[in-house]
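Beneath this line is the structure, given in C-alpha cells, with notes to follow.
The values are calculated or read from the model by the stated rules, or taken from the named source; none is laboratory data. Keep in mind the model is a prediction, meaning the values are calculated, not measured. Neighbour counts are summed over all protein chains in view; Cβ atoms, including those assigned to glycine, are modelled from backbone coordinates with ideal geometry.
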Amino acid sequence: MSDRLRNNVIAIFIVIAFWMIWVIPVMADPIVTESTSTSTVTTTADSKTTVRTNPPSAISPSINSSNSDLCVVGVSGAVQTQVLGVSSGLTVRDINCENLKLSKLLFDLGMKVSAVSILCQDKRVFDAMKMSGTPCPINGLIGEAAQREWDLNPKLIPKPRDIPLNKGAWLEKLAGGIIAVVLMAMLVI
C-alpha cells in the first residue's frame, strides 16, 4: 500500500470517527421527560447596593508639533472630577526659534549681514557681538562705522526680553489660577 493511499484511509477514518463521536449524537432526538411541581416561596430581604464607578475622563487634546519646521510648542492639560471635566490646549510661539530659522534662510540666500542683523535683535547676541569687537550691523554699516552709529543711537539697542505682563494678561492668568484651585478642590471633595 502506498503512502498516499494509507494517508487517505487514515484521514477517512478520522472523519468517520469525528462524525460518530460529535455530530451524530447531537442530531439524535433529545430525551424528553415531563414533570409537574408546585411551590410557593416567600422572601423578605433588606439590601443595599453601592455602585462605585470610575469618573468619566477629561482627555487633554493632543497638539501635533511633529513637523520640525514649526516654531511652536504645544501645551495641554485636563482635570476631571465626579461632576465636571475640563480640558484645554494651546500653542506657544518660540520667537528664538523663528529668529534662528529666518537667520539661516537669509544666510543660505547669501545675505550674511541681514542674517546677523536678525540675530542681533536679541540683547544677548548684541552684547556678545559688541564684546567680540564686531558690533552688530546697523543701517547697512558694519565694523567701526556700525559702532559709531550705535553710539549715536542708543535707543535702537535691543532691550532684554523680560516683558512684564499687561493688565489683561495678568487678569487672565489670575482667573486661570483661581479656576485651577477650584477644580483641584472639587477633586478632593
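Worth a mention:
- Residue 114 vs. criteria within 30 Å of residue 181 (Cα to Cα) and either over 32 Å from the mean Cα position of the chain (by Cα) or not aliphatic (A, V, I, L, M) (or both): no
- Qualifying position, being more than 34 Å from the chain's Cα centre (by Cα), at pLDDT below 75 and on the phi < 0 side of the Ramachandran plot, among 21, 59, 16: 21
- Filter result for residue 179 (hydrophobic (A, V, I, L, M, F, W, C), surrounded by 11 or more Cβ atoms within 10 Å (Cβ to Cβ) and either touching a residue at least 60 places away in the same chain (Cβ under 8 Å) or closer than 30 Å to residue 52 by Cβ (or both)): yes
- Counting only helices (runs of 4 or more DSSP H) that fall entirely inside the stretch 103-189 and contain at least 2 residues that are in the same structural domain as residue 77 (by TED's automatic domain parsing) and of a type outside the set (Val, Ile, Thr), the qualifying elements are 167-188.
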